[in-house]
């Protein structure tokens with residue numbers, strides 16, 4: 001048997017992941033109906049509920065305390081108009097602001113930046129967004145708490 005190098009798409013088992021999937025963000029026309037659906041079919045619980053700029057934002061998780069992954073459900077505007085940019089995305093946490101900057105620079109070089117590195121503070125933290133080959137948005141953040149107990153107080 002030979003010691004073949006891992007294929008390009010195979011993960012190296014002793015490597016530390018650069019990013020951890022923390023959330024998926026979805027739009028909802030009727031947040032209450034969406035909450036009921038995920039409760040009934042998947043047993044998910046509301047662990048955070050707020051309004052940002054007239055948009056209701058709800059986090060759903062499998063566990064009521066200390067979630068490590070959430071579905072972020074964002075209401076669509078009452079007038080039904082599409083946002084300037086899509087809000088649906090996969091959210092990944094990275095270890096540092098420098099890593100957000102590195103991914104932003106890489107995305108810029110590849111021509112796939114959706115949002116260049118920017119500090120939003122509060123719940124959002126320092127982020128950048130890039131698009132995958134199909135146009136799906138991936139957000140990379142540092143300082144974005146997923147556990148509601150670690151959120152800044154208003």
Hits in region 25-39 (condition: touching a residue at least 40 places away in the same chain (Cβ under 8 Å) and outside any loop (DSSP other than H, G, I, E, B))
25, 26, 27, 28, 31
When you scan region 40-53, do you find a residue that is loosely packed, with under 15 Cβ neighbours inside 10 Å, modelled with pLDDT under 90, out of contact with any helix residue (DSSP H, G or I) (no Cβ under 7 Å at 6 or more places or on another chain) and in a strand (DSSP E or B), even just one?
yes
Spot the failing condition for residue 64; the list is (1) in a loop (DSSP other than H, G, I, E, B); (2) surrounded by 14 or more Cβ atoms within 10 Å (Cβ to Cβ), and only one is missed.
(2)
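The values are calculated or read from the model by the stated rules, or taken from the named source; none is laboratory data. Fair warning: this is a prediction, and the values are worked out from it, not measured in the lab. For neighbour counting, all protein chains shown are included, and Cβ atoms are generated from backbone atoms with ideal geometry for every residue, glycine included.
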